[in-house]
Amino acid sequence: METKKKLGLIGRNISYSFSKKYFEDKFHKLMVNNYSYDIFDLQNIEDVENIFADPELLGFNVTIPYKKEIIGYLDQLSDEAEKIGAVNCVKIENGIKKGYNTDATGFEKTLLLHVKPHHRSAMVLGNGGAAKAVKYVLDKMQIPNITVARSCGDFNFKNLSAESVKTHQIIIQTTPVGTFPDIEDCLDFPFDGITDKHLIIDLIYNPNYTQFIINTSERGAKTANGFYMLEQQAEKAWEIWNNQKK
Ligand code: NAP
């Protein structure tokens, strides 16, 4: 009999999950019936110890609010996860629990799909876990970048000028502002600085078109949402769990 390979997602209040459906569809397409993917809704991160106790567990994804807190429960980190300081994928092999950051891969693939030679500098809106993965990729690609955040950024949303927006041709929106159901919400942002030379990537994938995407595309910018990143981070996790190299 084939060994069972259990996968899943840990987070808090995650009754709906893109990942569960994505991986269950994948098992179906690949006709592998020894894999399963479960939702582990944890009120406290300490409860992850119960999940690790399952000898059939191959690994899991990690979502808000545990991407940093999980690190204390792991034996090893990939170089990327260590530099970013956040883990969204865990693999257990020979009893060793190792953390990875596949958000960075997902974002890198999204950026590579759209970036053009005139996109020379970037502005990151927000300064949370996803922003750290984004900045890791921008630094790796040697794209100079600044951060705009309510706190701990180079600028905040009140002192950001349209002129500064104009000179940063890649803008990455990493805050949750505008996510379903609050789809009318939008950052207080000087949209007058947006031109048809801009590339806008909003990491939100629900709704497809956030108010931020709508406002920037109306000014001629090229826009992308977070769906491809979401798919690609899941694909990278699948490769890691199955030791596939591409
Ligand atoms: P996080 O660690 O909680 O960080 C959220 C950031 O947004 C913080 O900097 C926070 O600022 C800022 N923020 C929140 N509300 C704000 C507001 N009203 N005005 C201005 N700034 C605000 O969350 P995360 O893990 O980085 O995730 C952020 C978003 O990215 C979520 O929507 C998530 O779904 C999305 N995401 C998408 C993908 C994908 O694959 N597409 C992957 C990862 C994340 P403070 O620090 O001031 O609170």
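Regarding the stretch 122-130, can at least one residue be identified that is in contact with a helix residue (DSSP H, G or I) (Cβ under 8 Å, 6 or more places away or on another chain), part of a loop (DSSP other than H, G, I, E, B) and near the ligand (Cβ under 10 Å from one of its atoms)?
No, the conditions are met nowhere in the stretch 122-130.
Considering only residues of the stretch 150-174 that are in contact with a Ser or Thr (Cβ under 8 Å, 6 or more places away or on another chain) and modelled with pLDDT of 95 or more, which is most open to solvent (accessible area, probe 1.4 Å)?
Lys166
Any idea which of (1) near the ligand (Cβ under 10 Å from one of its atoms); (2) in a helix (DSSP H, G or I); (3) open to solvent by less than 60 Å² (accessible area, probe 1.4 Å); (4) not β-branched (Val, Ile, Thr) is the one Lys135 doesn't satisfy?
With respect to (1) near the ligand (Cβ under 10 Å from one of its atoms); (2) in a helix (DSSP H, G or I); (3) open to solvent by less than 60 Å² (accessible area, probe 1.4 Å); (4) not β-branched (Val, Ile, Thr), Lys135 is out only on (1).
Name the residues in the stretch 75-121 that are out of contact with any His (no Cβ under 9 Å at 6 or more places or on another chain), part of a loop (DSSP other than H, G, I, E, B) and under 18 Å from Thr174 (Cα atoms), would you?
Gly85, Ala86, Val87, Asn88, Asn101, Thr102, Val115, listed by residue number.
Do we find a residue being of a type outside the set (S, T, N, Q) and buried (at least 23 other Cβ atoms within 10 Å of the Cβ) anywhere in the stretch 106-116?
yes
Looking at this structure, is Gln233 out of contact with any His (no Cβ under 6 Å at 6 or more places or on another chain), within 16 Å of the ligand (Cβ to nearest atom) and closer than 16 Å to Phe107 by Cα?
Yes, satisfied.
Filter the stretch 190-226 down to the residues that are touching a strand residue (DSSP E or B) at 6+ places or on another chain (Cβ under 7 Å) and of a type in the set (Lys, Arg) and list them by number.
Lys222, the sole residue that qualifies.
The values are calculated or read from the model by the stated rules, or taken from the named source; none is laboratory data. Keep in mind the model is a prediction, meaning the values are calculated, not measured. Positions of Cβ are generated from backbone atoms using ideal geometry, with glycine treated the same way; all protein chains shown enter the neighbour counts. Please note that ligands, DNA and RNA were not included when accessible areas were found on the heavy atoms of the full protein model with its side chains. Shrake-Rupley method; radii C 1.70, N 1.55, O 1.52, S 1.80 Å.
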